[in-house]
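Worksheet for the structure shown next.
Just so it is clear, none of the values below were taken in a lab; they were calculated from the coordinates. Note that this is a predicted model, so its numbers are computed, not measured. Cβ placement follows ideal geometry from the backbone for every residue including glycine, while neighbour counts extend to all protein chains displayed.
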Amino acid sequence: MNELDWQQVVTHLYQLGIAFVLALPVAWNREQMARGAGLRTFPLVSIAACGYMLVGMQVYTGSDAEARVMYGVITGMGFIGGGAILKHGANVSGTATAASLWNTGAIGISVAYSRYEIALVLSIINFLILQFSRSFKRDGEEES
């Protein structure tokens, strides 16, 4: 059995912590808007995506299998996001939440690859869009 590499444990905790923190602005916005997904869901999605990629990178270092892990995470984010979309007659809601869930998965993957600049930009842009785009929506259009 392999010995526990404490340096690696600390590094992974650091990365998972970054994934968690970068998901919080999006989670806070969705929580404030009283959406179904919020302060619990978005950080969990981000750290899970990061965790899957960290494992994939460790086990399949640089191989096609590592890329397939990423594709699986991306597909899974689409599936989870699809569950957030609701149709009520002619109205559709939850699309912004679904897209934000998918984006949060990308934040986690970016952090796993130590591409913190990408993760940070994804987090900031997602938050800004959710926070400030409501004023640009037409009257009568429902916020998703």
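Prolate is the label for the stretch 21-71, because the ratio a/c of its alpha-carbon gyration tensor axes (a ≥ b ≥ c) is 1.5 or higher and a/b is greater than b/c. Name the shape class, rounded, prolate or oblate, that the alpha-carbon gyration tensor gives for the chain, where a ≥ b ≥ c are the square roots of its eigenvalues, rounded holds for a/c under 1.5, and otherwise prolate holds if a/b is larger than b/c and oblate otherwise. Here the chain falls in the prolate category. Could you check the spin-label model distance between TRP6 and PHE132? Points 7 Å from the Cα along Cα→Cβ, value in nm. If labels sit at TRP6 and PHE132, their model points lie 4.6 nm apart. Positive end of the dipole of the stretch 1-109 (Cβ unit charges, origin at the Cα centre): among GLY17, ILE80, TRP6, the Cα lying farthest that way belongs to ILE80.
The residues VAL111, VAL59, when put in order of fewest to most other Cβ atoms within 10 Å, stand as VAL59, VAL111.
Sorted on the mean count of surrounding Cβ atoms within 10 Å across their residues, most packed first, peptides 6-19, 41-54 read 41-54, 6-19. Take every Cα pair under 8 Å whose residues are at least 6 apart in sequence, average their separation, divide by the length of the stretch 8-132, and the relative contact order is 32 percent.
A straight chain from VAL55 to GLU31 at 0.36 nm per residue would run longer than the Cα-Cα distance by 5.6 nm.
May I ask you to order 119-128, 74-83, 92-101 by the average number of other C-beta atoms within 10 Å around their residues, highest value first? Don't skip to the end; give the middle numbers.
Details: 119-128: 18.3, 74-83: 15.2, 92-101: 20.4.
Sorting 119-128, 74-83, 92-101 by mean packing, highest first, produces 92-101, 119-128, 74-83.
Among the trypsin sites (Lys or Arg not before Pro) in the stretch 38-101, those placed in a DSSP loop whose Cβ has at most 16 other Cβ atoms within 10 Å are ARG40. The loop-placed GluC sites (Glu not before Pro) in the stretch 1-93, going by DSSP, that have at most 12 neighbouring Cβ atoms within 10 Å of their Cβ come out as GLU3.
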